[in-house]
Amino acid sequence: MEDSSQSGRERSESSRGSSSGVVDWNSRFRASDASHDSGFVSKGGRAIDRKDVSLRHWLDNPERTVDALECLHIFTQIVGIVNLAHTRGIAVHNVRPSCFVMSSFNRVAFIESASSSDLGSDSCEDGLNSSSSPLPHDSDQGLSSCLQSSSGHMVQNLEATKNSQVEENKHTFPMKRILHLETNWYTSPEEVDGAPGTCASDIYRFGVLLFELFCTFNSSDEKNANMSCLRHRVLPPQLLLKWPKEASFCLWLLHPEPSSRTKMGELLESEFLKTPRHDLEEHEAAIEIREKIDEQELLLEFLLLIQQKKQEAMENLHEIVSFLSSDIEEATKMQTTLKLKGGSSLEPAEEATKMQTTLKLKGGSSVKPVTNLNSRRTNISEDHDSGSSGSRKRSRPSTGEESDGHPEESQKSERHIEYKGSISAKSSRLMKNFRKLEAAYFMTRRRGIKSMDKYMSRNCQTSTECRSSATATERSSLSNLSSNRGCNGDRQSEWINSYLEGLCKYFSYSKLEVKADLKQGDLLNSSNLVCSLAFDRDGEFFATAGVNKKIKVFEYNSILNTDHDIHYPVAEMANRSKLSSICWNGYIKSQLASSNFEGVVQVWDVTRSQLFMEMREHEKRVWSVDFSVADSTMLASGSDDGSVKLWNINQAILLLHLGASVGTIKTKANVCCVQFPVDSGRALAFGSADHKIYYYDLRNSKLPLCTLIGHNKTVSYVKFIDSTTLVSASTDNAIKLWDLSTCTSRILDSPLQSFTGHMNVKNFVGLSVSDGYIATGSETNEVVVYHKAFPIPALSFKFNCTDPLSGDEVDDSAQFISSVCWRGQSPTLVAANSMGNIKLLEMV
């Protein structure tokens, strides 16, 4: 392609040397580049836009008026384009208006390349009697390059042709009919007689084109009649009277004998084209100025858009710095108040104050404190072992004299070193997750601002001053501003306290530590996956259930305080089917509910290891059961049959332990999890395979009170943190935090937080909440702990399996965590993986 383009450029240069008139004009239309990406012709460095129309459409516009200079400018460009083909001995054949497009500045581009092999082109040099000889393929490419180089345009691709045809479809004339007529109009007499087309045939087509440029018609019938007369060189009177020179030149080009028609060289040197050259130069100069103005407008628009976006960014940054300063001031006031309450005995507080003062002196921007904190961490690391954790003491070596002589100073020094170690560990984690903690801060801050705006809006709407006169409104707004400062300050301190609480809890623990491994005798059993774990109300016992069809109950302290090769359960209950879920009764300590893969819900008496009652209304597998904490007689279950069943234990007892549901909620998708709020037995939330969470008031179960939308896959777990805050887990790799109090229109599609950092795309991996901490499993065989304030993991622990031959722990990435459960509100949790390994973990 490069070779053919180069040859095209060389021929373009040679043609300029041999032809003076029009070719000089064509040199101004050379394309500076050709962009194939857009599919549009490049014209002097400017790409054709959507305003470009085909020349056929432009000519057939009934409202078009003839401008001699404009028509001559278009004609001259087309002559220059065809001349480049003729200099190579190629007849173009497609010198028809439908094969050209025209820009808003009257720039003409050829949109259909001529191919002698396709069109049967003859060589001009061989004369009229020579036989046609197809040109090789590279010659066709060279011709395309010639056309690009002369016209200042590259050949458009098929998409541009289709765009122009779509534009033409809007015209009055039917497209198919007009193209058929156009082909007949532009066919030379010798071609009608069956002779092959030649360069002289293109000259004839110039005459038809010139006629169309200078003649306008009011209807298609009138045009068809005049075009038929043109075949016999009969011109309409209005053309002869108004444009006599153009009419005479048109007749010269339309001579029926090819040999009597003017040659291309004569055409270029004719007075018809050379006489208006000065006017054309002025016209071309005006067009170039208009194009430059258009380009400058585009540049100006671009620069103004950049300025607008940067100004918006500057305003946002100014706003951020403003409320950062406000928060720093508020935090400083709170710290000063605590110092006054605590007195001078709080040495760590003094240390923190000194560090904050140092940061303030070194810089006030939001970036500099980070740098200073990093340098501070480096200095601390010199005095403290980098491997020590924040919860572990490290005593400085001292002599006996120092200890005996200054016991108070020695203790003070130890406390100082311990505090430094804690700061070092926390600073390291802070810097490691700085960006994510920063994002969480701004997210929390925005929520605080929104809540404050809502509060102010409600205050204004209910205030009687807001409905008074303009003067009274101005006075009341000033008084309200001063009176609301205290309220705003309280609200600001509220959100700061909330964020600070989350930050403190995030840094309260540094790792998950194994307290005990539960060793069972059937570890080699391939079907030992644990589907559910649950602690009883006092955290004294925990139960396991899974695909081995057994419920096993273990005593927590016995597992924790004894070291046995095998741990035996204190109770074991066999089931006919694989178990999917278990839940302890929060009031009756010995009562445990379970669900299985056959769709049966059962309640067990753990003390006697006996079945207490059985409910068989579900038609398919039951995934989840849950006892209400507020009403211990209420039990809920969710199933693959798309229903949620509500059971009353007391009524079941009256029915001789054959349970009958007291309520049913039908859905269109599988129900995977159910959960009662912690403080009510009259509400229920459940997750579904349709990616949604539904929250119902059980007193009106026809419609959900709120539908939570945000997950992309099946919702596998829902858990309540408090009465209005809900956590949901899904196989879309995300856990989401929801605030039900913000649901005002039965739809909630904006979660407070999305937790990502674990992997969950296929399996049920467990979910449990305790005191703001959210524990979940991962398909990387890890237990991951989040805090509700931050979307990043606070802690994680990877399960390793034990090699039966060597006894060493090895990483088995094919396994996944299948269940997790907190021990009440303590920092201890129990977790199990798909191999049946169960570990008691503790945050330390």
Exercise. Starting from segment 179-199, take each residue that is over 23 Å from Ser259 (Cβ atoms) and list its partners that are open to solvent by less than 70 Å² (accessible area, probe 1.4 Å) and not in a helix (DSSP H, G or I), counting only C-beta distances under 7 angstrom and pairs at least six apart or across chains.
Key: Glu182/Arg96
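Scan segment 547-592 residue by residue and report those that are open to solvent by less than 60 Å² (accessible area, probe 1.4 Å) and of a type in the set (Gly, Ala, Ser).
Initially, segment 547-592 is screened for residues open to solvent by less than 60 Å² (accessible area, probe 1.4 Å), giving 547-548, 551-554, 556, 558-560, 562, 567, 569, 571, 573, 575, 577, 579-586, 589-592.
Once the filter is applied, which keeps residues that are open to solvent by less than 60 Å² (accessible area, probe 1.4 Å) and of a type in the set (Gly, Ala, Ser), segment 547-592 yields Ser558, Ala571, Ser577, Ser580, Ser581, Gly586, Ser590.
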Quiz item: Of these, Asp679, Asp749, Asp697, which one is of a type in the set (Asp, Glu) and within 33 Å of the chain's Cα centre (by Cα)?
Solution: Asp749
Exercise. From (1) free of Cβ contacts under 8 Å to residues at least 12 places away in the same chain; (2) surrounded by 16 or more Cβ atoms within 10 Å (Cβ to Cβ), pick out the condition that doesn't hold for Gly777.
Key: (1)
Quiz item: Any residue in segment 232-253 that is more than 60 Å from the chain's Cα centre (by Cα), within 20 Å of Pro97 (Cβ to Cβ), of a type in the set (Asp, Glu) and surrounded by 14 or more Cβ atoms within 10 Å (Cβ to Cβ)?
Solution: yes
Exercise. For Pro751, work out the one condition from (1) out of contact with any Asp or Glu (no Cβ under 7 Å at 6 or more places or on another chain); (2) modelled with pLDDT of 95 or more it doesn't fulfil.
Key: (2)
Practice problem: Answer yes or no: is there a residue in segment 662-672 that is touching a residue at least 40 places away in the same chain (Cβ under 8 Å) and buried (at least 23 other Cβ atoms within 10 Å of the Cβ). | Solution: yes
Quiz item: With Thr756, Thr776, Thr742 as the choices, which residue is closer than 17 Å to Tyr506 by Cβ and touching a strand residue (DSSP E or B) at 6+ places or on another chain (Cβ under 7 Å)?
Solution: Thr776
Self-check item: Single residue of Arg56, Arg64 found to be in contact with a Pro (Cβ under 7 Å, 6 or more places away or on another chain), charged (D, E, K, R) and modelled with pLDDT of 85 or more
Solution: Arg56
Quiz item: Ser38 passes all but one of (1) of a type in the set (Ser, Thr, Tyr); (2) open to solvent by 10 Å² or more (accessible area, probe 1.4 Å); (3) modelled with pLDDT of 85 or more; which number fails?
Solution: (3)
Exercise. Quick one: count up the residues across segment 611-639 that are open to solvent by 50 Å² or more (accessible area, probe 1.4 Å) and either of a type in the set (Asp, Glu) or without any contact (Cβ under 8 Å) to a residue 12 or more places away in the chain (or both).
Key: 3
Self-check item: Failed item, numbered, when Glu842 is tested on (1) assigned to a loop (DSSP other than H, G, I, E, B); (2) surrounded by fewer than 21 Cβ atoms within 10 Å (Cβ to Cβ)
Solution: (1)
Quiz item: Right, Phe720: modelled with pLDDT under 95, open to solvent by less than 50 Å² (accessible area, probe 1.4 Å) and among the aromatic types (Phe, Trp, Tyr) or not?
Solution: no
Practice problem: Can you give me the number of residues within segment 749-774 that are in a strand (DSSP E or B) and either open to solvent by less than 10 Å² (accessible area, probe 1.4 Å) or under 26 Å from Gly546 (Cβ atoms) (or both)? | Solution: 8
Quiz item: Right, Gly836: touching a residue at least 60 places away in the same chain (Cβ under 8 Å) and assigned to a loop (DSSP other than H, G, I, E, B) or not?
Solution: yes
Quiz item: Do you know which of the residues in segment 171-223 that are assigned to a loop (DSSP other than H, G, I, E, B) and polar (S, T, N, Q) is surrounded by the fewest Cβ atoms within 10 Å (Cβ to Cβ)?
Solution: Asn218
Practice problem: Would you be able to say whether some residue in segment 534-546 is of a type outside the set (A, V, I, L, M, F, W, C), open to solvent by 40 Å² or more (accessible area, probe 1.4 Å) and farther than 26 Å from Tyr773 by Cβ? | Solution: no
Exercise. Considering only residues that are hydroxyl-bearing (Ser, Thr, Tyr) and assigned to a strand (DSSP E or B), look in segment 574-626 and name the one that is farthest from Asp679 (Cα to Cα).
Key: Ser580
Self-check item: Residues that are out of contact with any Gly (no Cβ under 8 Å at 6 or more places or on another chain) and assigned to a strand (DSSP E or B), drawn from segment 658-686
Solution: Leu658, Ser661, Val662, Gly663, Thr664, Ile665, Gln675, Ala683, Leu684, Ala685
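The values are calculated or read from the model by the stated rules, or taken from the named source; none is laboratory data. None of the values given here were measured: they were computed from a predicted structure. For neighbour counting, all protein chains shown are included, and Cβ atoms are generated from backbone atoms with ideal geometry for every residue, glycine included. For accessibility, only protein heavy atoms count, side chains too; no ligands or nucleic acids. Shrake-Rupley method; radii C 1.70, N 1.55, O 1.52, S 1.80 Å.
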